[in-house]
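First the structure, in the form of structure tokens, and then the observations on it.
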Amino acid sequence: MNRSPRRRVLAATLSTAAAVLVAGSAVLLSAGNANAATTLGASAAATGRYFGTAVAAYKLSDTVYSTILDREFDMVTPENEMKWDATEPSQNSFSYTSADQIVSHAQAHSQRVRGHALAWHSQQPGWVSSLSGTALRSAMVNHITNVATHYKGKIYSWDVVNEAFADGTSGARRSSNLQNTGNDWIEVAFQTARAADPAAKLCYNDYNTDGVNAKSTAVYNMVKDFKARGIPIDCVGFQSHINSGSPYTTDYQANLQRFADLGVDVQITELDIAGSGSAQATTYANVVKSCLAVTRCNGLTVWGIRDSDSWRASDTPLLFDSSGNKKAAYDSALAALNGGGTSTTSPTTPTTAPTTAPTTAPTTTPPTGSAGCTATVTLNQWTGGFVATVKITAGSAKINGWTTGVTLPSGAAVTNSWNATASGSSGTVSFTNVSYNGSVNAGASTEFGFQGTGVGPSATPTCTAR
């Protein structure tokens, strides 16, 4: 449920009784191992994940805000600046000034960007309300094409469609002007985004889908259908606005896993947790550990930096207080990242069984007790091209750098890459780490990606550690 001042606030903060109950059973993590990093972004990167935050362009001039942003986070999501009303205030007249400011700031500080959001029933510009049917569908396609093309090559993942399912137990689509253009509007949005920016991960994003329930199962069934029919979808975003009315549940991790088992990545996209003290800290740790326990959980994004920056400020839901001081929740999240492991509550079995698995090449076995590494490749393939995501995993000892070789089929060629330096473009292409992802702790992972023409690689990549 994401957030601008225009959106209604969710349920109230955790009750005192509930906080005491949770605190009584809390088990906080230790500071982690000797190689533990000291910031959220660096610690997440050591596990092959990111730790991001929502950013407002007008707050970048606030030195406390920007200092925390640049120290702690390695992924940013524009809070409102990429939404339809901000980027296309008049039909076919596009404005990117504020969003460009965030992207430029991120690039200058080695941060990646999640794009948010291309198609949503809310925060539409006024001119959209006069459209319906074919005219509205054409306007949506034009909007997605222009915005995704403008940021082509600069976006890690897009929230292509946001909040398209209704609350409650019906499992139905939300009634909206976009839904009224035809039930295929979501798949058209994803196909349009893929054509505009083939390298970006394409996500569906929603709230109140954190556990196994009617709404999350409806999303699950849509993703399962998309995968079966070849509709391009790479990831699902779980907003995770957690409070007494929408708590962290024991099936949180199992829910993430059942989506991952469909062959899509999962991302925690708008995390905030109402409360304070040890109860809040324990819940933050549990969410982090749930992500760490799911191989295809790419990372976590908190929806704001300081409590005063939150759309739910009165709930004090973030990792830093209004003065910019680290809270107990920060310490527990960092400890969870550095300590790894699974959540302190036992996940339950999901009610809907997964049916497909991601396309991943087999791994090679690292040398026992040495600074070896392995590599696996996952493909998003379409006619004439592909995007490959390569995961580098350290062996039984920490590595300080890596090089992997990927053999492309005849006629295939690399057109661009990210999070690695490529040598060559066809045949066997060598990829070497960049400055921020060469150091990988024992057993941990990092990822890079590349786009190409032709058919993607199927052979197991080689990996050499330094």
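The values are calculated or read from the model by the stated rules, or taken from the named source; none is laboratory data. As the structure is a prediction and not an experimental result, all values here were calculated from the model. So basically every Cβ, Gly included, is an ideal-geometry build from the backbone, and we count neighbours across all protein chains shown. Heavy atoms of the whole protein, side chains included, go into the accessibility calculation; ligands, DNA and RNA do not. Shrake-Rupley method; radii C 1.70, N 1.55, O 1.52, S 1.80 Å.
The table below lists the values:
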| item | result |
| --- | --- |
| Unit charges at the beta carbon, dipole of the range 185-237: most positive-side option, Met222, Val236, Ala199 | Met222 |
| The range 191-303 - accessible surface per residue (Å², probe 1.4 Å) | 20 |
| Gained length - Ala313 relative to Ser423, 0.36 nm times residue gap less alpha-carbon distance | 34.8 nm |
| Lysines whose Cα lies under 27 Å from that of Lys326, excluding same-chain neighbours fewer than 8 positions away | Lys59, Lys289 |
| Sequence ranges 202-214, 135-147, 438-450, 162-174, ranked by mean other-Cβ count within 10 angstrom, highest first | 202-214, 438-450, 135-147, 162-174 |
| Cα→Cβ-extended label distance, 7 Å offset, between Ser430 and Thr97, nm | 4.8 |
| Length released on extending from Tyr58 to Ser323, taking residue separation times 0.36 nm less the Cα-Cα span | 93.6 nm |
| Potential extension, Asn221-Thr134 segment - 0.36 nm per residue separation minus Cα distance | 28.7 nm |
| Reachable aspartates and glutamates, given that their alpha-carbon falls under 13 Å from the alpha-carbon of Lys215 and they are not under 8 places away in the same chain | Glu163, Asp167, Asp206 |
| Normalised alpha carbon radius of gyration of the range 194-273 [divisor 2.2 N^0.38 Å] | 1.11 |
| Residue-count net charge about Ala200 - beta-carbon cut-off 11 Å; Lys, Arg +1, Asp, Glu -1 | +3 |
| Dimensionless Rg over Rh [the range 164-316; C-alpha; Kirkwood] | 0.98 |
| Debye-sum result for the range 240-340 in log10 I(q)/I(0), which assumes one identical scatterer on each alpha carbon, at q = 0.16, 0.22 Å⁻¹ | -0.64, -1.13 |
| Cα-based Kirkwood hydrodynamic radius, the range 273-314, one decimal, Å | 11.6 |
| Convex hull volume per residue for the range 76-139, taking Cα atoms only, in Å³ | 78 |
| Cα-based convex hull, the range 34-127, per residue volume (Å³, whole number) | 105 |
| Dipole axis of the range 131-217 (+1 Lys, Arg; -1 Asp, Glu on Cβ), positive-most option in Asn213, Tyr151, Gly171 | Tyr151 |
